[in-house]
Structures are given as structure tokens and as C-alpha cells.
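Read through the structure below, which is laid out as C-alpha cells, and then see the notes.
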Amino acid sequence: MTEIDTSVPHSARIWNYWLGGKDNYPVDEAAGDAYTAVFPGIVTIARGSRAFLGRSIRYLVREAGIRQFLDVGTGLPTVDNTHEVAQRLAPESRIVYVDNDPLVLAHARALLTSTPEGATAYEDISLFEPERIIEAAAGTLDPARPTALILSGILGHVTDYDQARDIVRRLLAGLPSGSYLCVNDGSRGTDPAYERAQDAYNETGAVPYFLRPVHQIEAFFEGLDLVEPGVVPVPLWHPEEAAPVAIGQHGGLGRKP
């Protein structure tokens, strides 16, 4: 098994810390606190992203009748993982998680709980191998049935934008008509303080995460039928609270015709 280095901060553990999780170390807390000292709103963004994921899954189950989920770039287990939200509403839901981070793999057992009626699986495959992902997912999911492809906070790690779009296209090409794409990622144009903090973080030598203009996030949905209200700051997408506030994290949901 790959040795996990706990002496240097890790982006997945920092994100886990911001979400209130326990799978992190003092070095991650220190890095997370240093970031929040520059930009306190990062905790709101992390939790807003997670809340959007939950609302979009509930929509997919209740309104779209989706019972299969392919969650790529899973990250560390926290509260209300994809299978927990989906199976709470539809116990027969089937979920495949995909990541290739040794740290996430070490915690994957926490993602593999399932209702007796449904199923969960974890595949250790890189985002940059879309065809392998689709092939492996077919071991748990029915390739003929509509599937929700979830890319939550992962495309910003793909440095080249054209490559990121190509990955999305290739993943969707392996899914049938009636499938959905769910994306949320850090965005430019809403919160200059967030942009400054993230740009500075990217220069530290840590694994970078690139914020993108909203029109580039919208373009991931090219050829799909966007669910209203389209690509918007995540708190504004089907909000469950009064007076949500826009943040530098945009998301949307689109259906493959």
C-alpha cells in the first residue's frame, strides 16, 4: 500500500477540514487556517459546494428518476456522501466512486457501505482515463440505463481547459441518452478576494486548482439540456434556504438528449 505522507498538507484533507471532517492532520489544519486567514469565505465555498451536491442528487432522484451515479474525483468521505443522499431517497440506487489518490483509496471503505437493495463500488482510476472509467463503472452500473455523472470540484485540477472539456465529452459519450452531468467548480468574476487567495495558493507549490470564468464552466454543458436556472452560484441553484448569497463557486445540471 502506498505510504501516506502526513508531514505535508494535502488538498483533500484540507477540504475535509473545512467541511468539518476528521480525516486530517495538524499540518492540514495549519494550511487550512492559513488560507482562511487570507480568505475566510473559503469555508462557505467548501460547504456551499457540498450542499449543492446534496440538492442536485435529491433533484436527480426525485425529479429525474435517476438511480445510477458515477462520482468522479470523489475526494475524502465526509457527511452526506453521494450514496447516502441517493439511497436515503431511493434505496435501490447504485453508485460508483472514482478517484486515484492513495489517500482517498485508504478511506474508500467508508464509501462502500450500501443499502441491501443498492450497491456502491470504488474504482482507483485517473480522471484522465475516461474510457477506463466508463468500462469499470459497467461492473456495477447498467450501461443501458441513464446515469448521473458527478464532477464536483475536480475539473479545476485539470490545468488545460481544452483537456478538461475533452474529458467531460469522453465521459458523457459513454453514457446513454437521459443521463445527466452535474458540475460545480470554483469560478472567476464573483469574488476577487477568493481569486487572489486561490492564485496565491497555486503559487505555493501545492497541487493547483484553477478558478475558471463562468462561461467556461457553462461550456462543459455544451449539447446538454440545462436544468433551470442553468449555471449559477451554487447557493442559488434550487435553494432550500431564504435569501441565498452568491459565491465564487458555480454549478449546474444538464441532461443528455
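The values are calculated or read from the model by the stated rules, or taken from the named source; none is laboratory data. Please read these numbers as outputs of a predicted model, since none were measured by experiment. Reconstructed Cβ throughout: ideal geometry from the backbone, glycine too, with neighbour counts over all protein chains shown. The area values use the complete protein model at the heavy-atom level, side chains included, leaving out ligands, DNA and RNA. Shrake-Rupley method; radii C 1.70, N 1.55, O 1.52, S 1.80 Å.
Numbers at a glance
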quantity: Single unsatisfied condition, residue 116 versus (1) open to solvent by 10 Å² or more (accessible area, probe 1.4 Å); (2) assigned to a loop (DSSP other than H, G, I, E, B); (3) of a type outside the set (D, E, K, R); (4) touching a strand residue (DSSP E or B) at 6+ places or on another chain (Cβ under 9 Å); calculated: (4)
quantity: Conditions (1) out of contact with any Leu (no Cβ under 8 Å at 6 or more places or on another chain); (2) of a type outside the set (A, V, I, L, M); (3) free of Cβ contacts under 8 Å to residues at least 60 places away in the same chain; (4) surrounded by fewer than 14 Cβ atoms within 10 Å (Cβ to Cβ); number of the one not met by residue 177; calculated: (3)
quantity: So residue 149, is it in a loop (DSSP other than H, G, I, E, B), of a type outside the set (Ser, Thr, Tyr) and within 17 Å of residue 82 (Cβ to Cβ); calculated: no
quantity: Qualifying position, being over 19 Å from the mean Cα position of the chain (by Cα) and open to solvent by 40 Å² or more (accessible area, probe 1.4 Å), among 200, 193; calculated: 200
quantity: Near pairs, Cβ below 8 angstrom, 6+ apart or cross-chain, from the stretch 45-73 (open to solvent by 40 Å² or more (accessible area, probe 1.4 Å) and in a helix (DSSP H, G or I)) to any residue that is at pLDDT 95 or above and among the β-branched types (Val, Ile, Thr); calculated: 51/234; 58/85; 59/227
quantity: Qualifying residue in the stretch 92-100 (condition: open to solvent by less than 50 Å² (accessible area, probe 1.4 Å), of a type outside the set (A, V, I, L, M, F, W, C), closer than 22 Å to residue 175 by Cα and not in a loop (DSSP other than H, G, I, E, B)); calculated: yes
quantity: Every pair of residues 6+ apart whose Cβ atoms lie under 7 Å, when the first sits in the stretch 6-35 and is aromatic (Phe, Trp, Tyr) while the second is part of a loop (DSSP other than H, G, I, E, B); calculated: 15/75; 17/24; 25/6
quantity: Residue check for residue 246: in contact with a strand residue (DSSP E or B) (Cβ under 9 Å, 6 or more places away or on another chain) and either among the small types (Gly, Ala, Ser) or open to solvent by 70 Å² or more (accessible area, probe 1.4 Å) (or both); calculated: yes
quantity: Which numbered condition residue 159 fails, given (1) closer than 17 Å to residue 98 by Cβ; (2) touching a residue at least 40 places away in the same chain (Cβ under 8 Å); (3) open to solvent by 30 Å² or more (accessible area, probe 1.4 Å); calculated: (1)
